[in-house]
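The values are calculated or read from the model by the stated rules, or taken from the named source; none is laboratory data. No experiment lies behind these values; they were computed from the predicted model shown. With ideal geometry, Cβ positions are generated from the backbone for all residues, glycine too; neighbour counts draw on all protein chains shown. Accessible surface is based on the protein model in full, side chains and every heavy atom, while ligands, DNA and RNA are left aside. Shrake-Rupley method; radii C 1.70, N 1.55, O 1.52, S 1.80 Å.
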Amino acid sequence: MLREGIEAALIVGIVASYLVRSGRREWLPALWIGVGLACAVSLAAGAALDIIVGELPQRGQELFEAVIGLIAAAMLTSMVFWMRKAARSIKGELQAGVDMALAGPHQGLALVGLAFLAVVREGLESVFFLLATFQQNSGWAPALGAGLGIGLAAVIGYAIYALGVKLNLRSFFRWTGILILFVAAGLVANAVRSLHEAGLWNHLQQSVYDLGTMLPADSALGTVLSGFFGYQERAVLGEVIAYLAFLIPMLALFLAGGRPEQAAATPRLETRRSPRLKLAGIGTLLLVCGGAGAFIYAAGTGARRAAQAGTADIAIAITDRTCQPALLTIPAGKASFVVSNRSERVLEWEILEGVMVVEERENIAPGQSRRLTTRLDPGEYAITCGLLSAPRGRLVVQASTTQPHPALTLMDVVGPAAEYRAFLSERSVALGTALDALERARDAGDTQAAGKARREATALLPALRPAAAGDAELETLFGRLQAALAGDATAADADAFRAALAQRTVLPDTMLAGAIGLLSPPDSETGSPEDVAAARAIAKLLLPLTARVDPELAGRVRADLVALPNDAKPGGALRALAEDLAAMRKALALPEAERKS
């Protein structure tokens, strides 16, 4: 609870000190109304979902967090730049500006909204975490732990408030503005992660760093860094880009503001707090009490449901780096998993299809269990085992003999297409690097280094060739790249191919057409080892999707891949793999209507 509470306490503390410094202490109750409403909504909504559904719909929660995070980041950023503008005239115009902002027909509504968003973003997830904890533990320990976490976050918020009140006005606006921009950047990056976990964003998922074993997000330092700067123990490329793309220009604009100018004191407008604010405060208190009552009821009924858990539940135990069992085979359809955390830290459990998160459960506390109920189509999925950097397990979902094979839709191929795009991007960058090295070696007259760089670049071409299958422009650019490598190739040749490739979404039938071409080149009996490796990579990538559509075909392809290292001669496993890849291409071809969409 401390990690979730610090970020909200930070924002509320800064806004409260801002009101006091600008002479509007009487509007502090509006801030607390926003906090109270967020608590009431989180408690009531979490309890209702637990009572009616029994589980929090994870994708809905992630989408909710992403939308709220982006709105909060926009509001915080606008507030920071308004503060910078108002600070230029020091005190007189600042007080007048605040007075006018709070004297309209919707007095204090912005304050209520800002506080509400700051708290509700993590509120619903925190309520479900607490419900799971209370339902599995009797006694006072869970309540004491939650109370200590919330209390410590409140102390941090008050310390920020007290420090802000004591700072001189210029320093207050400067340093709180910088701090809020870091918080907003963290909100943007976390929104990108939430959109990925909601299944709406699956690009740029290459891992940039993983500090899960060195600096966990639930450690003392990690908790503080997470609340103040949006730190995540593991980040992918899209999240890092979003964080820096927001933070760097916003900080530059904020710090480039003009020097403060002294201004004559402006007469303070006569404003008074609306009497409706007192009524709103009373109503908010009643709502919080009602939400707390619903939470207590849900905790009690949930504990009874947990005690009556069905025998059909699939039990999974996870530690930091393992899960038991690591291989699961279940029938297609509705499945109920009970995931138990046997480690000493908070973990999450995910079902993955390529880079796409199919379903997950977050914040599983040590010694606790969380239920996950979902409906799975036939196929092969990956499951995380503890930390996201740990080796993954496998979840095989088998179709029944009486169940018809599901027809593919565009959404089914989003995961493999996104993973293949990431693969192509990585290989394209490596090719550009090799060509840069080739140019430098050639300019320096180093024939040995030039030969090595040329061989490295040539070895990377087979991995990129399947993406060009059937695309006239890409095939032309790829041909130029091949010809250039035999002569005076430059990084510009790779850049042109890479730029055109970035505009395409390569579908499975195109990947497979290219893979078949690698295994059956027209000018030789068999492909090179690099050709075979590139075809194998595509086959492995599309195996989970093939298993959903045709489990028998997926089994044959898997057997081909196992036999290939020991039987790579023409007419052996290579021919069998090429024939089965042709069958895969037919099975994974999207209907024309889906391709046009």
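Of the residues that sit in region 336-355 and are touching a Gly at 6+ places or on another chain (Cβ under 6 Å) and part of a strand (DSSP E or B), which one is farthest from residue 377 (Cα to Cα)?
Top of the filtered list is 347.
How many residues does region 8-22 hold that are under 27 Å from the mean Cα position of the chain (by Cα) and either at pLDDT 75 or above or among the charged types (D, E, K, R) (or both)? Working first, answer last.
The initial filter retains those residues of region 8-22 that are under 27 Å from the mean Cα position of the chain (by Cα), namely 8-12.
Still in the list and also either at pLDDT 75 or above or among the charged types (D, E, K, R) (or both): 9, 12.
The total comes to 2.
Report, by residue number, each residue of region 294-319 that is open to solvent by 60 Å² or more (accessible area, probe 1.4 Å) and modelled with pLDDT of 85 or more. Spell out how you get there, then give the answer.
Kept after step one, since they are open to solvent by 60 Å² or more (accessible area, probe 1.4 Å), are these residues of region 294-319: 296-297, 304-305, 307-308, 311-312, 315.
315, the sole residue that qualifies.
Residue 235: farther than 19 Å from residue 156 by Cα, touching a strand residue (DSSP E or B) at 6+ places or on another chain (Cβ under 9 Å) and not in a loop (DSSP other than H, G, I, E, B), yes or no? Walk me through how you get there before you give the answer.
Numbers: farther than 19 Å from residue 156 by Cα: yes; touching a strand residue (DSSP E or B) at 6+ places or on another chain (Cβ under 9 Å): yes; not in a loop (DSSP other than H, G, I, E, B): yes.
Against the criterion (farther than 19 Å from residue 156 by Cα, touching a strand residue (DSSP E or B) at 6+ places or on another chain (Cβ under 9 Å) and not in a loop (DSSP other than H, G, I, E, B)), residue 235 qualifies.
Go through region 220-248 residue by residue and tally those that are open to solvent by 60 Å² or more (accessible area, probe 1.4 Å) and among the small types (Gly, Ala, Ser).
The total comes to 2.
Could you say whether any residue in region 416-424 is hydroxyl-bearing (Ser, Thr, Tyr), out of contact with any Asp or Glu (no Cβ under 7 Å at 6 or more places or on another chain), at pLDDT 85 or above and open to solvent by 70 Å² or more (accessible area, probe 1.4 Å)?
No - not one qualifying residue is present in region 416-424.
Is it the case that region 366-377 has a residue that's touching a Pro at 6+ places or on another chain (Cβ under 9 Å) and of a type in the set (Gly, Ala, Ser)?
For region 366-377, residues touching a Pro at 6+ places or on another chain (Cβ under 9 Å) and of a type in the set (Gly, Ala, Ser): absent.
Of these, 577, 564, which one is modelled with pLDDT under 85, in a helix (DSSP H, G or I), closer than 23 Å to residue 354 by Cβ and not acidic (Asp, Glu)? Before the answer, list the steps.
Working: 577 fails: modelled with pLDDT under 85.
That would be 564, the only listed residue that is modelled with pLDDT under 85, in a helix (DSSP H, G or I), closer than 23 Å to residue 354 by Cβ and not acidic (Asp, Glu).
Would a scan of region 375-393 turn up a residue that is without any contact (Cβ under 8 Å) to a residue 12 or more places away in the chain and either open to solvent by less than 10 Å² (accessible area, probe 1.4 Å) or out of contact with any helix residue (DSSP H, G or I) (no Cβ under 9 Å at 6 or more places or on another chain) (or both)? Lay out the reasoning, then the answer.
Here is the first cut: in region 375-393, the residues without any contact (Cβ under 8 Å) to a residue 12 or more places away in the chain are none.
Looking for residues that are without any contact (Cβ under 8 Å) to a residue 12 or more places away in the chain and either open to solvent by less than 10 Å² (accessible area, probe 1.4 Å) or out of contact with any helix residue (DSSP H, G or I) (no Cβ under 9 Å at 6 or more places or on another chain) (or both), one finds none in region 375-393, hence no.
Can you confirm whether residue 287 is under 24 Å from residue 42 (Cα atoms), modelled with pLDDT of 80 or more and outside any loop (DSSP other than H, G, I, E, B)? Before the answer, list the steps.
Numbers: under 24 Å from residue 42 (Cα atoms): yes; modelled with pLDDT of 80 or more: yes; outside any loop (DSSP other than H, G, I, E, B): yes.
For residue 287, the condition - under 24 Å from residue 42 (Cα atoms), modelled with pLDDT of 80 or more and outside any loop (DSSP other than H, G, I, E, B) - is met.
For region 437-468, enumerate the residues that are open to solvent by less than 30 Å² (accessible area, probe 1.4 Å) and under 24 Å from residue 536 (Cα atoms).
Within region 437-468, 457, 461, 462, 463, 464, 466, 467, 468 meet the criteria.
Would it be correct to say that residue 413 is part of a loop (DSSP other than H, G, I, E, B) and either touching a Pro at 6+ places or on another chain (Cβ under 9 Å) or crowded, with 20+ Cβ neighbours inside 10 Å (or both)?
Judged against the criteria, residue 413 is not a match.
Of the numbered conditions (1) open to solvent by less than 80 Å² (accessible area, probe 1.4 Å); (2) touching a Gly at 6+ places or on another chain (Cβ under 9 Å); (3) part of a helix (DSSP H, G or I), residue 434 satisfies every one except a single condition; which is it?
(2)
Out of the residues in region 320-335 that are part of a loop (DSSP other than H, G, I, E, B) and of a type outside the set (Val, Ile, Thr), which is least open to solvent (accessible area, probe 1.4 Å)? Working first, answer last.
Filtering region 320-335 down to residues part of a loop (DSSP other than H, G, I, E, B) leaves 320-322, 325-326, 332.
From what is left, the residues that are of a type outside the set (Val, Ile, Thr) are 320-321, 325-326, 332.
Working: 320: 58, 321: 111, 325: 48, 326: 51, 332: 27 Å².
It comes out as 332.
So which of 493, 509 ends up being assigned to a helix (DSSP H, G or I), at pLDDT 85 or above and crowded, with 17+ Cβ neighbours inside 10 Å?
Numbers: 493 fails: at pLDDT 85 or above.
Step by step, each of 493, 509 is checked, and only 509 is assigned to a helix (DSSP H, G or I), at pLDDT 85 or above and crowded, with 17+ Cβ neighbours inside 10 Å.
Looking at region 371-415, which of the residues that are modelled with pLDDT under 85 and of a type in the set (D, E, K, R) is nearest to the chain's Cα centre (by Cα)?
Only one residue tops the list, namely 412.
From the list 180, 241, 150, 160, which residue is in contact with a helix residue (DSSP H, G or I) (Cβ under 9 Å, 6 or more places away or on another chain), closer than 16 Å to residue 13 by Cβ and at pLDDT 80 or above? Walk me through it before giving the result.
Values: 241 fails: closer than 16 Å to residue 13 by Cβ; 150 fails: at pLDDT 80 or above; 160 fails: at pLDDT 80 or above.
Result: 180 is the single residue among 180, 241, 150, 160 that is in contact with a helix residue (DSSP H, G or I) (Cβ under 9 Å, 6 or more places away or on another chain), closer than 16 Å to residue 13 by Cβ and at pLDDT 80 or above.
Of (1) surrounded by 15 or more Cβ atoms within 10 Å (Cβ to Cβ); (2) modelled with pLDDT of 75 or more; (3) over 23 Å from residue 152 (Cα atoms), residue 217 satisfies all except one. Which?
(3)
For region 257-276, does any single residue satisfy the condition of being modelled with pLDDT under 70 and part of a helix (DSSP H, G or I)? Walk me through it before giving the result.
At the first step, the residues of region 257-276 found to be modelled with pLDDT under 70 are 257-276.
After this cut, where a residue has to be part of a helix (DSSP H, G or I) as well, the list is 275-276.
Checked against the condition, which is being modelled with pLDDT under 70 and part of a helix (DSSP H, G or I), region 257-276 yields at least one hit.
What tally of residues in region 50-93 results from selecting those that are in contact with a strand residue (DSSP E or B) (Cβ under 9 Å, 6 or more places away or on another chain), open to solvent by less than 30 Å² (accessible area, probe 1.4 Å) and at pLDDT 65 or above?
Going through region 50-93 one residue at a time, the tally reaches 3.
I'd like the full set of residues that are open to solvent by less than 20 Å² (accessible area, probe 1.4 Å) and more than 21 Å from the chain's Cα centre (by Cα), limited to region 340-367.
Residues satisfying the conditions are 341, 343.
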